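See structure below.
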Amino acid sequence: MPRLQTCSFCGGGIRPKTLPYHDEQWHGNTYRFENVPALVCAVCGEIYFEAAVSQAMDKVLTSNPKPKGFVQVPIVEFPLDAKTKVGA
Ligand SMILES: [Zn+2]
């Protein structure tokens, strides 16, 4: 894949950036990678990965990795009264 110069969604400029973390879905589970090199649109924030980065993450996931830790995420109800205001 050729290196992106502009965002394919908004045409904004793409900048290299190291993401503090990135969550990948794999076989129904979520895996969090830390310090992932990415290309980020300066306008809309869309995130792109170069092929080598995606391949590196796939390689880790297919190797049955041992997690260095786990994240607990609080679950809360979305307020019912807000739902009716949105419509749909
Ligand atoms: Zn964009």
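Details
- Using a Gaussian network model of the chain in which every pair of alpha carbons under 10 angstrom is joined by a spring, one finds that among E50, E34, E77 the greatest mean-square fluctuation is at E77.
- Exposed loop sites were defined as trypsin sites (Lys or Arg not before Pro) in DSSP loop states (anything but H, G, I, E or B) carrying at most 13 other C-beta atoms within 10 Å; in the chain the longest segment without such a site runs 4-67.
- Sequence-distant residues sharing a close amide H with E50 (under 5 Å, placed H): L39
- Evaluated with a Cβ-only charge set (Lys, Arg +1; Asp, Glu -1), the chain carries a dipole of roughly 160 debye about its Cα centre, given to the nearest 20.
- Gaussian network model of the chain, springs between alpha carbon atoms under 10 Å - residue of F70, F49, F78 with greatest fluctuation: F78
- Per residue Cα convex hull volume in Å³ - calculated over the chain: 165 Å³
Values quoted throughout were computed directly from the atomic coordinates according to the rules given, and no laboratory measurement underlies them. The model shown is predicted, which means the values in this text are computed figures rather than measured ones. We place every Cβ from the backbone using ideal geometry, glycine too, and count neighbours over all the protein chains shown.
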